[in-house]
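The values are calculated or read from the model by the stated rules, or taken from the named source; none is laboratory data. Nothing here was measured: the structure is a model prediction, and the numbers come from that model. Ideal geometry is used to build each Cβ from the backbone, glycine not excepted, and the neighbour counts take in all protein chains shown. Side chains are part of the model used for accessible areas, which takes the heavy atoms of the whole protein and leaves out ligands, DNA and RNA. Shrake-Rupley method; radii C 1.70, N 1.55, O 1.52, S 1.80 Å.
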Amino acid sequence: MLYKKLFILSVIFLSLAGKSSADEILDLYKHLHSNPELSWQEFKTSNLLADKMEDLGFTVTRNFAKTGVVSIYKNGKGPVLMIRADMDALPVEEKTNLEYSSKIKMLNNDKTEVSVMHACGHDIHMAVAVGAAKELINLKSKWSGTLMVIFQPAEEVGQGSARMLEEGLFNKFPRPDFNLALHVGSFPAGKVTYTKGYAMANVDMADITIFGVGGHGAYPHRTKDPIVLASKIILSLQTIVSREIDPLNPAVVTVGSIHGGSKHNIIPDEVKLQLTMRSYTDEVRGEIISKIKRIIEGEAISLGIPENKMPTLKLRDQYTPALYNTPDFVDQVVGYIEKSIGKENIFESSAVMGGEDFGRYGRVEPKIPTFLFWLGASEIEIWEKSIRGEIDLPGIHSPFFAPDPVPTLSTGIKVMTAAAIGVFNDNK
Ligand SMILES: [Zn+2]
């Protein structure tokens with residue numbers, strides 16, 4: 001009888017105590033997932049996160065670099081560690097059928113209405129950052145130093161980190177001694193992977209305009225045909241990576257779009273190409289750009305294009321610099337992660353040619369040790385099916401991308417907390 005009473009009392013107590021910390025973070029994740037916002041429009045997201053960080057006791061600066069949030073927690077002497085989470089979502093229509101699917105539509109840059117989805121998992125990154133911050137405050141007697149958690153706008157357009165730095169992130173606030181971040185990936189939840197050294201690529205976008213002398217399709221000898229020139233240029237561009245760059249230095253040149261002409265029998269005046277170029281080192285990046293210039297001009301000259309109609313190459317905005325994971329810092333942090341989730345759950349993986357603007361925080365002078373690792377987000381059964389070839393596993397940016405939230409969040413929070421405590425304690 002006594003046991004029964006005690007049992008009832010403890011049930012009442014538990015329900016009065018409210019939600020567990022893990023449930024709160026899961027709720028936050030689902031809320032963020034259902035309410036995604038496009039790059040530079042992360043107003044509600046950043047307000048909510050700023051509130052959460054204030055509740056935890058952080059000193060919070062809102063609307064930094066438009067929608068960014070900088071939160072600082074000083075906990076005695078020790079290093080400054082920055083943890084960064086990105087906030088923006090993508091113009092993708094969600095097709096996961098989850099009960100917390102996004103139904104949000106927003107106006108894109110060009111004022112067209114688009115569906116919006118957290119298809120890159122930035123909702124997981126934000127929820128993990130809040131969860132780890134909470135854990136670190138709970139465990140504040142176990143470390144000392146300054147914890148800086150930032151929520152960055154506009155990662156998807158490669159601009160957010162640049163603007164945060166331009167607006168004085170490392171002057172107006174304590175300058176970090178170390179930078180840490182994670183990104184979700186399509187491999188089993190509960191696992192972590194990482195790459196030492198160059199991990200993600202320099203990302204450049206370029207627009208090439210090819211000019212010709214238009215005319216009637218039946219009298220090509222009276223024209224200079226930009227369509228033929230565009231074709232020659234596209235084929236010659238393929239020789240940059242295959243014939244000119246050292247094969248041991250990764251590089252990509254992709255022509256993603258070609259537009260020109262209006263009718264069967266008209267030779268147009270102009271053709272436009274859109275390219276993306278990828279590399280790791282600054283040298284290879286420079287080589288690719290200068291070789292593209294040489295090829296477009298050389299091919300134009302060979303076709304007899306007039307001197308005042310040479311093709312033009314325009315590089316788009318700021319490029320996204322390569323992510324370089326500082327090897328010594330990687331070794332240090334991997335050690336802490338191994339201790340927290342076991343050696344069997346963390347693996348070294350190959351570098352990729354995708355881009356992430358987190359690398360910019362490490363490239364400042366003097367450089368700051370920087371590390372972004374990958375956090376598994378796939379449901380294990382779904383991942384196993386994909387290994388057996390029964391299904392295609394949706395990757396990031398897919399409308400079907402659906403992280404398994406409970407193990408993904410708990411592993412993310414666990415490893416980020418362990419990494420932070422390790423960094424604080426071993427770098428006094
Ligand atoms: Zn992303």
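Observations
- Rounded to the nearest 20, the size of the Cβ-charge dipole of the chain about its Cα centre is 600 debye, with Lys and Arg at +1 and Asp and Glu at -1.
- Here the Karplus curve 6.51 cos²θ - 1.76 cosθ + 1.60, taken at θ = phi - 60°, turns the phi angles of segment 281-296 into couplings of 8, 5, 5, 5, 4, x, 4, 4, 5, 5, 5, 4, 4, 4, 5, 5 Hz, with x standing for Gly and Pro.
- Per residue, the solvent-accessible area of segment 39-190 (1.4 Å probe, heavy atoms of protein chains only, all protein chains present) comes to 39 Å².
- Of the residues 216, 122, ranked by 1.4 Å probe accessible area with the largest first, the sequence reads 216, 122.
- Given charges at Cβ of Lys, Arg, Asp, Glu: segment 107-206 dipole, positive-most of 160, 180, 107: 180
- Using C-alpha pairs under 8 Å with a sequence gap of at least 6, the mean separation divided by the residue count of the chain gives a relative contact order of 22 percent.
- Taking Cα centre as origin and charging only the Cβ of basic (Lys, Arg, +1) and acidic (Asp, Glu, -1) residues, the dipole magnitude of segment 202-315 rounds to 340 debye.
- Sequence-distant contacts, meaning Cα pairs under 8 Å at least 6 residues apart, place the relative contact order of segment 319-428 at 35 percent.
- Comparing 203, 408, 238 along the charge dipole axis of the chain, the residue lying farthest to the positive side is 408, per the Cβ-charge model.
- Solvent exposure of segment 342-408 amounts to 51 Å² per residue of accessible area, where only protein heavy atoms count and the probe is 1.4 Å.
- With all protein chains modelled, accessible area of residue 100 [1.4 Å, Å²]: 20
- Accessible area expressed per residue, segment 202-315, with surrounding protein chains retained (probe 1.4 Å, Å²): 54
- Applying the Karplus relation 6.51 cos²θ - 1.76 cosθ + 1.60 with θ = phi - 60° to segment 404-421 yields 3J(HN,Hα) values of 7, x, 5, x, 5, 5, 5, 5, x, 5, 4, 6, 5, 5, 4, 4, 5, 4 Hz, where x marks Gly and Pro.
- Here the contact order of segment 81-211, divided by its residue count and restricted to Cα pairs under 8 Å and six or more residues apart, works out to 34 percent.
- The magnitude of the dipole of segment 141-216, with charges of +1 and -1 set on the Cβ of Lys/Arg and Asp/Glu and taken from the Cα centre, is near 460 debye.
- Alpha-carbon centroids, segment 281-343 and segment 45-119: separation in whole Å: 28
- Virtual spin-label span in nm between residue 54 and residue 310, 7 Å along Cα→Cβ: 5.7
- Accessible surface ranking that places the most exposed of 323, 107, 98 first, with a 1.4 angstrom probe: 107, 98, 323
- Per-residue surface analysis assigns residue 302 an accessible area of about 70 Å², computed on protein heavy atoms at 1.4 Å probe radius.
- Among the protein heavy atoms of segment 202-315, carbon and sulfur supply 56% of the accessible surface, probe 1.4 Å, non-protein parts ignored.
- A 1.4 Å probe over all protein chains sorts 374, 383 by accessible area into 383, 374, starting with the largest.
- Model label zone, residue 263; criterion: amide N under 13 Å from point 7 Å along Cα-to-beta-carbon; scope segment 210-248: 215-218
- In plain terms, the C-alpha convex hull of segment 202-315 casts an average shadow of 6.9 nm² when viewed from every direction.
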